[in-house]
Structure formats: C-alpha cells, structure tokens
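**Student:** Please find one structure pasted underneath; my questions will follow.
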Amino acid sequence: YLNAITEIKEDIQLTYNSNKEPNLAYNGNTIHAEEGAEAEAKRIFNQTTNSPIAIHVVFGLGLGYLFQEFALKSKGIVILYEPDVELMRLTLELVDLSKELSRNNVRVVSNLNDVKQLILSNYRYKCETTFSSLPSYRKIYEKNFNKIVEALQTTVGICLSQYKTTKEFVAMAADETLGNIPDLINEIPLMEFKNEFEGTTALVV
C-alpha cells in the first residue's frame, strides 16, 4: 500500500539537529533529540533486555535511528509499529533501510492488531516483550499512547495465561498417559475398529 501513496499531505519537514544529524519536524513536533539522535536511540536500546527470545516492539519510525539500533543489534524479534504510512513512505525514500528490513527477525506493521497477532504468534517460554518509543511519539500520540500500551499488556497477559494453561495441561496429560501405558498394552488397537461402525450415529465423550 506504500506504492499507492503518491503525495505527502501531512506537514513533515526534513531538518537537522544541533549535531547536524538529519531530523524530522512532524506537524510542528521534532521527532529525534536535538542533542543527538543516534545517542538517544542507543540509550533507549540499552534499557532493554537483549536476548534471543525477546520480542521488541518499536513504536515509531521517524528517520529510523531507533529502528536501526534494534534491527541491527537485537538478538530477538523486532516489530516496528508505525501508524503513519505517509511518514513511513517518506522515510523509506530518504533513508536506505534495506539492510535492516531484510533481516529475518524484523517485522514492519502499521496496524495495532497486526502487532498483537505477531506477539501472539511469536511468544515463547520466558519470553520478555518490550515496548520502546521516542519521547516525541509519546507526545504526538498522547491521546492514544496509554491505550496502545494497555492493548499490548493485555496481549502479553493472554500469552502468559495460555502458556500457564498449556503447561499445566501437558504435565497432567503426560502423567496420565504414563500411568495408562500398562493398560494400553492390553487394549485392542483402534485400527481394528476401522469402518466397523460406518454410517451409524456416534456419541464422542
């Protein structure tokens, strides 16, 4: 759908910060830190746990400083969530992110439901899910930011609940199966009943 965007209608301007790094002004808000965009990205990344089973949700692309830091250094999965497709299109024209986007552990979405589905499908045992964003994005999306955080917390809670239930069920099933092995040896194999009751009504308990 990015190719369908032929015109940037929003107020997005390319600027420079005090370190002469490229920056963006988005509807009057400066996206990256004036004192150093790269330093800001490194600081945010260093606050997270970098493990192979981690899921990192990066909220906001901007000019890609924070996304690049996670994409190139994260051992786990990186989910970039940028709700503004016009900004995403502009950034991809200005910055070469092909190396980051080609990595197997990187996903890019613009819809919160897609973020939740990726978390649900990639969650693993003892997986830590982090949510990182630039201070500017918290300001820009001030009205929805808390709702986004709550939605992701609920999703992680579902993962934990599902894992707990599965863990307890599998343990119970394994114990019962082991206990039933002596009885199963003397049972008639199910294949012996193949087609024996074809066409009749069955009640499965």
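**Student:** Tabulate in residue order the Karplus-calculated ³J(HN,Hα) for segment 192-205, using 6.51 cos²θ - 1.76 cosθ + 1.60 with θ = phi - 60°, rounded to whole Hz; enter x for Gly and Pro.
**Tutor:** Using θ = phi - 60°, the values come out as 5, 9, 4, 6, 5, 10, 4, x, 9, 7, 10, 10, 9, 9 Hz.
**Student:** Kirkwood hydrodynamic radius for segment 1-61: how many Å is it when counted over pairs of different Cα atoms? Provide the component values of the computation, followed by the final result.
**Tutor:** On the way: mean 1/r = 0.0714 Å⁻¹.
Evaluated over segment 1-61, this radius sits at 14.0 Å.
**Student:** Normalised by the number of residues in the chain, what is the relative contact order in percent for Cα pairs under 8 Å and 6+ residues apart? Kindly include the intermediate steps, with their values, before the conclusion.
**Tutor:** Values: 243 pairs, mean separation 36.5, N = 205.
Taking the mean separation of contacting Cα pairs over the length of the chain, I get 18 percent.
**Student:** Based on the Kirkwood radius over alpha-carbon pairs, what value in µm²/s does the Stokes-Einstein equation return for the translational diffusion coefficient of segment 43-153 at 10 °C and 1.306 mPa s? Please report the intermediate quantities before stating the final value.
**Tutor:** Values: Rh = 14.1 Å.
Using the Kirkwood radius from Cα pairs, D works out to 113 µm²/s.
**Student:** Would you compute the Debye intensity of the chain from its alpha-carbon atoms alone, equal scatterers and no solvent, and pass along log10 I(q)/I(0) at q = 0.15 Å⁻¹ to two decimals?
**Tutor:** -0.96
**Student:** In addition: Under a 5 Å amide H to amide H cut-off, with H placed in plane at 1.01 Å, what residues pair with LEU24 once short-range neighbours are removed?
**Tutor:** Answer set, sorted by chain and number: THR15, ILE31, HIS32.
**Student:** Give the long-range amide H neighbours of VAL78: residues separated by 5 or more places, or on another chain, with amide H under 5 Å away, using H modelled in the peptide plane at 1.01 Å from N.
**Tutor:** HIS56, VAL106, ARG107
**Student:** Give a residue-ordered list of calculated ³J(HN,Hα) values for segment 103-120 (Karplus: 6.51 cos²θ - 1.76 cosθ + 1.60, θ = phi - 60°; whole Hz; x for Gly, Pro).
**Tutor:** In residue order, the calculated couplings are 6, 5, 9, 10, 10, 10, 9, 10, 10, 5, 4, 5, 4, 4, 5, 5, 5, 4 Hz.
**Student:** Further, regarding this structure: Under 17 Å Cα to Cα from LYS20, which aspartates and glutamates show up? Leave out anything in the same chain fewer than 8 places away.
**Tutor:** GLU34, GLU35, GLU38, GLU40
**Student:** Alpha carbon centre of segment 114-131 versus segment 31-103: separation in Å?
**Tutor:** One Cα centre to the other: 17 Å.
**Student:** Still on this structure, please answer the following. For n ≥ 4 DSSP H runs only, could you compute -39500 (n - 2.57) per run for the chain, divide by its residues and tell me the 222 nm figure to the nearest 500? Mind dumping the intermediate values first?
**Tutor:** Details: 7 runs with 94 residues, N = 205.
So the helix-based figure for the chain works out to -14500 deg cm²/dmol.
Taken together, the values in this text are just the output of simple stated rules run on the coordinates, not laboratory data. Note that the structure is a prediction, hence the values are computed from the model and not measured.
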